[in-house]
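A.B. asks: Let me begin by handing over the structure; questions about it come next.
The values are calculated or read from the model by the stated rules, or taken from the named source; none is laboratory data. Because the structure is predicted, anything quoted here is derived from the model rather than measured. We place every Cβ from the backbone using ideal geometry, glycine too, and count neighbours over all the protein chains shown.
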């Protein structure tokens, strides 16, 4: 897969060796995340809102209530930034200065378009549901006409993107390796706890495999 | 503790029953998170960048390399938005429409100020290090004069804030409770994996308790 063009807008300026522009790296970070943070400008004021996303090629789908201010900004065609971050661990160095975190993040720039066609909207909602849990769309009551009308779905085209990735142990100054402070990485991962059935669920409906064995794409 | 004033800027408009303005609720969500997402406007383009934060009262401290574009925008006094999100679980409803997530998020509005005084900067860096792992500041080599000069620290004053919280089981339409789809919550939490010592660490330096027993404030 080709990479995103490196321009003034997406170039990782500080620590450029952490920058990645390959589509497969960017897309894998997007797909593993359940949520993204969407930034837009409201009358000069930046606003950042967390929301669910789903991706197909270079398109992200975002949805919400018809009155959602973020979606209104997107559908008006204003520039938008979507950022996703996985925190993979804390990096403890011997010096405070070289402390860091291991992470994978993407910053995506682009514009939105309101999806008005009902069939296209339904396809996007299926993609969003499948992004949350693969297999769920066929195991749920799909939206009816009234619900479709209450929901806005926006397509966001990734026009420019970069990823930033840090992995591995701390890097200390040569003189500091003699210090007696512990150094290393404390890794994190997201853990699924046992599913909690709805109190109103009949006892004879068992937990589906896509819930009991829940994993994000790319997750080990 | 008093609450943040509810104004046009921070009022939770959709699903207002999820809105919280109490300082203790907002502060607990901030303190539990390792990272925040900072939104600013660069020549009309919104940009959202993940970074570490630490809080004291209504002040957040953010730091980075002296050349950091986000910090430059903050220290120039432009309006900034800081958003923090904890994803606590997926809410599976019988209808696709009522699927949701359990989460706790805050959206903070304010302005930044560059910390120029060296002692004040050192205090803020101690706060940032202690935010990452309580007890680490006294178990590390603190920044020297050169490192202080290479680091920018910005104080961000929370002028307006709101939290949004969803907890509990799914809520379906009355007619849908007869459907045979599994419904309930799949809870998530962050899990610490076994610490990975730096390959260069001498064998006789053991893992400190603030790493082996790592917990975020408020975490069970």
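A.B. asks: Identify, by number, the condition in (1) more than 10 Å from every other protein chain (Cβ to nearest Cβ); (2) under 18 Å from the mean Cα position of the chain (by Cα); (3) crowded, with 16+ Cβ neighbours inside 10 Å that residue A:152 doesn't meet.
C.D. replies: Every condition holds for residue A:152 apart from (2).
A.B. asks: Tell me the residue from A:142, A:106 that is over 20 Å from residue A:30 (Cα atoms) and either within 21 Å of the chain's Cα centre (by Cα) or facing chain B (nearest Cβ under 7 Å) (or both), please.
C.D. replies: A:142
A.B. asks: Separate question: Within segment A:116-125, can one find any residue that is in contact (Cβ under 8 Å) with a residue 60 or more places away in the chain, part of a helix (DSSP H, G or I), more than 7 Å from chain B (Cβ to nearest Cβ) and over 22 Å from residue A:39 (Cβ atoms)?
C.D. replies: No, that holds for no residue.
A.B. asks: Taking the criterion of being in a strand (DSSP E or B), at the interface with chain B (Cβ under 10 Å from one of its Cβ atoms) and surrounded by fewer than 18 Cβ atoms within 10 Å (Cβ to Cβ), would at least one residue in segment A:1-15 satisfy it?
C.D. replies: There is no residue in segment A:1-15 that is in a strand (DSSP E or B), at the interface with chain B (Cβ under 10 Å from one of its Cβ atoms) and surrounded by fewer than 18 Cβ atoms within 10 Å (Cβ to Cβ).
A.B. asks: Looking at segment A:144-177, which of its residues are out of contact with any strand residue (DSSP E or B) (no Cβ under 7 Å at 6 or more places or on another chain) and either modelled with pLDDT under 95 or over 13 Å from residue B:198 (Cα atoms) (or both)?
C.D. replies: A:144, A:145, A:146, A:147, A:148, A:149, A:174, A:175
A.B. asks: When segment A:198-218 is examined, which residues are found to be modelled with pLDDT under 95 and either exposed (fewer than 10 other Cβ atoms within 10 Å of the Cβ) or under 16 Å from residue A:140 (Cβ atoms) (or both)?
C.D. replies: Of everything in segment A:198-218, nothing turns out to be modelled with pLDDT under 95 and either exposed (fewer than 10 other Cβ atoms within 10 Å of the Cβ) or under 16 Å from residue A:140 (Cβ atoms) (or both).
A.B. asks: Can you tell me which residues in segment A:172-220 are facing chain B (nearest Cβ under 7 Å), closer than 26 Å to residue A:88 by Cα and outside any loop (DSSP other than H, G, I, E, B)?
C.D. replies: Hits for segment A:172-220 are A:176, A:177, A:184, A:185, A:186, A:187, A:188, A:189, A:190, A:191, A:192, A:211.
A.B. asks: Still on this model: Could you tell me how many of the residues in segment B:16-28 are within 19 Å of the chain's Cα centre (by Cα) and either more than 18 Å from residue A:47 (Cα to Cα) or assigned to a loop (DSSP other than H, G, I, E, B) (or both)?
C.D. replies: Of the residues in that region, 8 qualify.
Results for (1) within 8 Å of chain A (Cβ to nearest Cβ); (2) farther than 30 Å from residue B:15 by Cβ; (3) out of contact with any helix residue (DSSP H, G or I) (no Cβ under 6 Å at 6 or more places or on another chain), shown as yes or no for each residue.
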{"position": "B:135", "(1), (2), (3)": "no, yes, no"}
{"position": "B:146", "(1), (2), (3)": "no, yes, yes"}
{"position": "B:156", "(1), (2), (3)": "no, no, yes"}
{"position": "B:167", "(1), (2), (3)": "no, no, yes"}
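Okay, residues lined up against (1) at the interface with chain A (Cβ under 9 Å from one of its Cβ atoms); (2) buried (at least 22 other Cβ atoms within 10 Å of the Cβ); (3) not in a strand (DSSP E or B):
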position: B:62; (1), (2), (3): no, yes, no
position: B:67; (1), (2), (3): yes, no, yes
position: B:82; (1), (2), (3): yes, yes, no
position: B:85; (1), (2), (3): yes, yes, no
position: B:101; (1), (2), (3): yes, no, no
position: B:110; (1), (2), (3): no, no, no
position: B:113; (1), (2), (3): no, no, no
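A.B. asks: Among what's in segment A:65-89 and is farther than 30 Å from residue B:191 by Cα and touching a helix residue (DSSP H, G or I) at 6+ places or on another chain (Cβ under 8 Å), pick the residue that is modelled with the highest pLDDT.
C.D. replies: For segment A:65-89, the residue satisfying everything is A:80.
A.B. asks: When you look at residue B:193, is it closer than 30 Å to residue B:65 by Cα, crowded, with 17+ Cβ neighbours inside 10 Å and touching a strand residue (DSSP E or B) at 6+ places or on another chain (Cβ under 8 Å), yes or no?
C.D. replies: no
A.B. asks: For residue B:44, are the conditions met, namely being within 8 Å of chain A (Cβ to nearest Cβ) and either buried (at least 16 other Cβ atoms within 10 Å of the Cβ) or modelled with pLDDT under 95 (or both)?
C.D. replies: Taking the combined requirement at face value, the residue satisfies it.
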